[in-house]
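Visitor: Take this structure, written in structure tokens, and hold onto it; I'll ask about it next.
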Amino acid sequence: MTSRRDVLRTLSLGSIGAATATSVWADTLAALAHDHAHAAGPAPVAAADWTPAVLNAHQNETVIALSEAIIPQTETAGAKAALVNRFVDAVLEDADVHERKEFARGLAWVDERSQALFGADFVATPADQQTALLTIMSSGKAKSVADQIGSEFFQAIKSMTITGYYTSEIGMKDELGDDGQVFFAEFKGCTHPEHGAPAPARPGAKAAPKKQG
């Protein structure tokens, strides 16, 4: 049986093949998700009367379905049980208007493509059809502007799902079996200088001396 670690490894490797499909907005949300999780730590179980701050009801259900399709329940709980949708909504609440609009456009694309292929919104399709659409989105071989929207959105929702799951109480305690320090030590986040990451050192350049005191 495939382990969750194998799933994560497959998803991470898949992003390499789809590198040309990434965009600044998707990278920004991925970096924001990492920062949000790292600052907040594992979220407690949310209240039963929780409502999203950014997503509408249908968008929230679509995020639940997408995240569960990316990290489904197997021998351990999936993204739905880990409340990844609530993590995604919290990240979007901290995001700029541009990133929110692009994310919403991606969600709309998912339903449009699902309707075209299967005659129903994503949440109303069976698991095998959801997987088929995710395979198209993750291929990194966009043949049109519309396909590019789907590819970019997949990179965003995949990164946010993985970060949300592996920094949830379920992901860290039940799946990783620790307090999450392994995850934080290994997850590098965004490395693009335009997002605030330090530029890589030039070959042969000397490191700046550390300040004393």
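The values are calculated or read from the model by the stated rules, or taken from the named source; none is laboratory data. This one's a predicted model, so the numbers in the text were calculated from it and none came from an experiment. For neighbour counting, all protein chains shown are included, and Cβ atoms are generated from backbone atoms with ideal geometry for every residue, glycine included.
Visitor: Can you tell me which of (1) basic (Lys, Arg); (2) at pLDDT below 90; (3) not in a loop (DSSP other than H, G, I, E, B) is the one Lys141 doesn't meet?
Guide: Every listed condition holds for Lys141 apart from (3).
Visitor: Then there is this: Out of the residues in segment 98-110 meeting the condition of being modelled with pLDDT of 95 or more and surrounded by fewer than 16 Cβ atoms within 10 Å (Cβ to Cβ), tell me which one is nearest to Leu134 (Cα to Cα).
Guide: Looking at the filtered set, the residue picked out is Ala108.
Visitor: Go through the residues of segment 113-122 one by one and say whether even a single one is modelled with pLDDT under 95 and either part of a loop (DSSP other than H, G, I, E, B) or under 13 Å from the mean Cα position of the chain (by Cα) (or both).
Guide: For segment 113-122, residues modelled with pLDDT under 95 and either part of a loop (DSSP other than H, G, I, E, B) or under 13 Å from the mean Cα position of the chain (by Cα) (or both): absent.
Visitor: Can you confirm whether Ala156 is surrounded by fewer than 22 Cβ atoms within 10 Å (Cβ to Cβ), part of a helix (DSSP H, G or I) and either on the phi < 0 side of the Ramachandran plot or more than 14 Å from the chain's Cα centre (by Cα) (or both)?
Guide: Working: surrounded by fewer than 22 Cβ atoms within 10 Å (Cβ to Cβ): no; part of a helix (DSSP H, G or I): yes; either on the phi < 0 side of the Ramachandran plot or more than 14 Å from the chain's Cα centre (by Cα) (or both): yes.
Answer is no for this residue.
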